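Presented below is the structure to which this report refers.
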Amino acid sequence: MKKLMAMMLTASLTFSLVACGGSSTGADNTADTAVEETSTEEAATEETTEEATEEASTEEATEESTEEATEEAADETATEASGDYKIAMITDSGDITDMSFNQTTYEASKAFAEAQGVDYQYYKPTEDSDEARIAAFDNAVSDGYNVIVVPGYLFAGMIASCAEENPDVTIIALDCSEGDFEGAGMTELPSNVCSFTYQEELAGYMAGYAVVKEGYTKLGFLGGMAVPAVIRYGFGFVQGANDAAKDLGNTADVEVNYVYGGQFFGDESVTAVMDTWYQGGTEIVFACGGGIFTSAGEAAKKAGGKVVGVDVDQSGTIDGLYGDGICVTSAMKGLAATVNSTLTDLFAGKWDSYAGKIENLGLVSGDDPTLNYVQLPTETWSMEKFTVDDYKALVASMYAGDVTVSSDIEAMPETEITVNEFDNIH
């Protein structure tokens, strides 16, 4: 019995040891399996991450390549397009040596063409008529020019006659207003035409305000022809002079003689009127209208008077012809900037933003006056009482709307200063 119990006890102990050993071995296997699975998952994750990174890199590279290809294609298209353009400019009743509107337009379009390496030519009509301007247009087109730049309201009739018949010719007009086109029988511009007008009243205002602030009290305005752009210059000049006089409290002392020459060039008759003005006490004349400044300049030189230029900075021209310091300032508009920016966009394939539109350009910055399409020249500034800083403050006020200028050309603005209006000289 004891022997049997001993044998049973031994068997029980053996079974227990086997059972304990089995349990230990199973735990070790589970741990090993978990480690292996974790390693496998990590490896898979790493591979997936690497693949995703590679795919992302591939996608980025593809996008960059696509962008580069698109840019290159656009550049090539623009280059090819520019190679198809030939630029011509047609003068109005003046010529490219008028040191004003025509000359500025001519030089700006010529400089652009030369920079782009494309053909350029200008055409001067044989006379001041729609027929002659149409003939000049036809000659330009026959010569292969397909971008025509024209300055001034006189071209409204030519555009009305030629634009729709020449849809492949791009016409860029400066200073042709909606009223000019309507007067020529055109109520809507075709898509191959764009035109720009300017807020001349703002530039005129700046000039009138500046010279009165500078100390001039006896002023004159000599306009070319009484067309909207010239009238806006003149009425703006009067408004600026009036506001400056009110600021200074001397409205009773400020006086403006006001006349139109009836033409855009000076002659003996216009010079005789200017002689009378200067000798009668006029100190400074705003000569506004192409080459008519020559009559004001000649009279100013004899009397020791001063002149305000127009459209561009005329100080170099007027001073060079009549004496240093005769040109005090100039009421400018951005003709060259308009030509350059429009042709740049045309060559870049962005004509759609201009097609069939008339844009009225004026102030675009209250901080930097040189960016505006109407301004006074700061690089040749000679005024001392009215400084560049004073000018910048004035422009900032105009841009902010604190100073307003009427563009109405129906009647002379109401003023506290005296304005003497004279009949046209011609």
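The values are calculated or read from the model by the stated rules, or taken from the named source; none is laboratory data. Bear in mind that the values here come from a model prediction, so they are computed numbers and not experimental data. Neighbour counts run over all protein chains shown; Cβ positions are idealised from the backbone, glycine included. Calculation scope for accessible area: heavy atoms of the full protein, side chains included, ligands and nucleic acids excluded. Shrake-Rupley method; radii C 1.70, N 1.55, O 1.52, S 1.80 Å.
Of the residues that make up the stretch 250-264, is at least one modelled with pLDDT of 95 or more, part of a helix (DSSP H, G or I) and open to solvent by 10 Å² or more (accessible area, probe 1.4 Å)?
Looking for residues that are modelled with pLDDT of 95 or more, part of a helix (DSSP H, G or I) and open to solvent by 10 Å² or more (accessible area, probe 1.4 Å), one finds none in the stretch 250-264, hence no.
Collect the residues in the stretch 174-200 that are without any contact (Cβ under 8 Å) to a residue 24 or more places away in the chain and closer than 21 Å to residue 232 by Cβ, keeping them in residue-number order.
Hit for the stretch 174-200 is 182, nothing else.
Kindly list the number of the only condition in (1) exposed (fewer than 11 other Cβ atoms within 10 Å of the Cβ); (2) not in a loop (DSSP other than H, G, I, E, B) that fails for residue 397.
(1)
Please go through the stretch 118-149 and pick out each residue that is in contact with a strand residue (DSSP E or B) (Cβ under 6 Å, 6 or more places away or on another chain) and closer than 18 Å to residue 98 by Cα.
The answer is 121, 122, 123, 149.
Here's the yes/no breakdown for (1) in contact with an Asp or Glu (Cβ under 8 Å, 6 or more places away or on another chain); (2) without any contact (Cβ under 8 Å) to a residue 60 or more places away in the chain; (3) closer than 18 Å to residue 417 by Cβ; (4) among the small types (Gly, Ala, Ser):
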{"site": "213", "(1), (2), (3), (4)": "yes, no, yes, no"}
{"site": "220", "(1), (2), (3), (4)": "no, no, yes, yes"}
{"site": "224", "(1), (2), (3), (4)": "no, no, no, yes"}
{"site": "256", "(1), (2), (3), (4)": "no, no, yes, no"}
{"site": "264", "(1), (2), (3), (4)": "yes, no, no, no"}
{"site": "270", "(1), (2), (3), (4)": "no, no, no, no"}
{"site": "273", "(1), (2), (3), (4)": "no, no, no, no"}
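State the number of residues belonging to the stretch 196-237 that are surrounded by fewer than 24 Cβ atoms within 10 Å (Cβ to Cβ) and part of a helix (DSSP H, G or I).
Of the residues in the stretch 196-237, 4 are surrounded by fewer than 24 Cβ atoms within 10 Å (Cβ to Cβ) and part of a helix (DSSP H, G or I).
How many residues, within the stretch 381-394, are open to solvent by less than 60 Å² (accessible area, probe 1.4 Å) and touching a Ser or Thr at 6+ places or on another chain (Cβ under 8 Å)?
4
Suppose we filter 386, 347 for residues that are under 28 Å from residue 300 (Cβ atoms) and among the aromatic types (Phe, Trp, Tyr); which single one remains?
On inspection, the qualifying residue turns out to be 386.
Any residue that is open to solvent by 60 Å² or more (accessible area, probe 1.4 Å), of a type in the set (A, V, I, L, M, F, W, C) and assigned to a loop (DSSP other than H, G, I, E, B) - is there at least one of those in the stretch 341-359?
No, because not a single residue in the stretch 341-359 is open to solvent by 60 Å² or more (accessible area, probe 1.4 Å), of a type in the set (A, V, I, L, M, F, W, C) and assigned to a loop (DSSP other than H, G, I, E, B).
List every residue pair whose Cβ atoms sit under 7 Å apart, with the two residues 6 or more apart in sequence or on different chains, where the first one lies in the stretch 402-426 and is free of Cβ contacts under 8 Å to residues at least 40 places away in the same chain and open to solvent by 100 Å² or more (accessible area, probe 1.4 Å) and the second, anywhere, is among the β-branched types (Val, Ile, Thr) and in a loop (DSSP other than H, G, I, E, B).
Listed pairs, sorted by first residue: none to list.
Hydrophobic (A, V, I, L, M, F, W, C) and within 26 Å of the chain's Cα centre (by Cα): is that true of residue 284 in this structure?
No; evaluated as a whole, the condition is false for this residue.
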